[in-house]
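The values are calculated or read from the model by the stated rules, or taken from the named source; none is laboratory data. Just so we're clear, the structure is a prediction, and the values are computed from it rather than from any experiment. Positions of Cβ are backbone-derived with ideal geometry, glycine not excepted, and every protein chain shown enters the neighbour counts.
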Amino acid sequence: MWKFASVITLPLLFGCVRSSPEPLKPAFYCWQTTLALSGTALDYLASSGCRKIYVKALDVGLDPADGSIAPYSQLTIADTAGLSKLEVVPVVFITNETIRQLTDDEKTGWLAEKIASALVRAGAAGARVPQPEFQVDCDWTQGTRDGFFRLLKKTRGYLPKGALLSATIRLHQYKFPEKTGVPPADRGMLMLYNTGDIDAPDETNSIFKPEDAKKYLKGAPASYPLPLDVALPAFSWTLVFRDGELWKILPGHDDRLPTGVLERGTFQNGHYLRPGDFLRQEVISTELLGESALLAAGAHLADDATIAFFHLDNHTPRAFPAPLIRTVCQLADSVRTAQ
């Protein structure tokens, strides 16, 4: 049995959300460059009640050689078996540095067409749905907001008629929409993780700490201008600091590795960790996942909200079993219906 924090005090933290929302629909992000869901993964999705996956179709950044806008990590769909039963929501991630390069309408339109093409191509692998969804992920700032919003508007023009365009919403953007702006999209995905400072050596868990998330959720506007889904953390990683700075992010965690200063050199994930490196293993436990879901349930989510877990890989079914995923959704539902 998984034990989570009491939900009794949550309605006191947040205002009333709405009456009789639909049950939260589970989904997973698949953040691999090559998409080939194994039979085990497909069984896991089915057992979790998941009928939707968000897949990274493309990263867009700047070429380090000449500073030009360049796509990288483009998705390869190696095996379509099983995808016909899933709604596939393609996602493009774009950096703020890229947005700053969009200085005119011609360049913005060129990139919008490229993004839309990648999104549509990736979405074709999934089940046909009446309103396909496409998502753009960018942690925009006040300085890049206008450029990013122009890009969204132009990208929408290249998408199929009737398609939904969604954008990711960070916690600070959720709490201060009057300062950060609201993206011109049909839906938003509230990212309820990466709440801490990953670069700070004295941080304990930059992925998710309830007290950090509460700072943004408490006092947020009673409603958000877009229908919101929510993404929760279902991953762990090991951060390697070298000479006082973050050097590598290694996926997953290894109980055999210490937390703190490494005394003996070792190889991990193809990288040599040398004596003197400082390691910080950040783990999302079942308890933390449950707490994130309970907090998310108090946010202003859409009546038909999806609860997306980031992310699905070979370790996910063992670390976060399907019964746990169902329980997390049910707990969040109980909070939503009680408010």
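A count restricted to the stretch 92-118 and to residues that are β-branched (Val, Ile, Thr), closer than 15 Å to Gly67 by Cβ and surrounded by 14 or more Cβ atoms within 10 Å (Cβ to Cβ) stands at 3. Count of the stretch 120-175 residues, restricted to those that are hydrophobic (A, V, I, L, M, F, W, C) and in a loop (DSSP other than H, G, I, E, B), is 8.
Annotation: of all residues in the stretch 215-241 being out of contact with any strand residue (DSSP E or B) (no Cβ under 8 Å at 6 or more places or on another chain) and surrounded by fewer than 18 Cβ atoms within 10 Å (Cβ to Cβ), the one that is nearest to His315 (Cα to Cα) is Lys215. Scanning the stretch 221-242 for residues that are of a type in the set (A, V, I, L, M) and either at pLDDT 95 or above or within 30 Å of Asp277 (Cβ to Cβ) (or both) yields Leu226, Leu228, Val230, Ala231, Leu232, Ala234, Leu239, Val240.
Select, from Thr204, Thr155, the only residue that is buried (at least 21 other Cβ atoms within 10 Å of the Cβ) and more than 19 Å from the chain's Cα centre (by Cα).
Values: Thr204 fails: buried (at least 21 other Cβ atoms within 10 Å of the Cβ).
Unique residue meeting the criteria: Thr155.
Restricting attention to the stretch 279-293, the residues that are aliphatic (A, V, I, L, M) and farther than 19 Å from Gly49 by Cα total 4.
Among the candidates Ala112, Ala125, the residue that is of a type in the set (A, V, I, L, M) and modelled with pLDDT of 95 or more is uniquely Ala112.
For the stretch 293-323, residues that are assigned to a helix (DSSP H, G or I), more than 17 Å from the chain's Cα centre (by Cα) and within 26 Å of Pro90 (Cα to Cα) total 4.
Filtering the stretch 222-278 to residues that are outside any loop (DSSP other than H, G, I, E, B), over 20 Å from Ser206 (Cβ atoms) and touching a residue at least 60 places away in the same chain (Cβ under 8 Å) leaves Leu228, Asp229. Restricting Leu37, Leu111, Leu58, Leu102 to residues that are in contact with a helix residue (DSSP H, G or I) (Cβ under 8 Å, 6 or more places away or on another chain), part of a loop (DSSP other than H, G, I, E, B), assigned by TED's automatic domain parsing to the domain that holds Phe149 and within 14 Å of Thr155 (Cβ to Cβ) narrows the list to Leu102.
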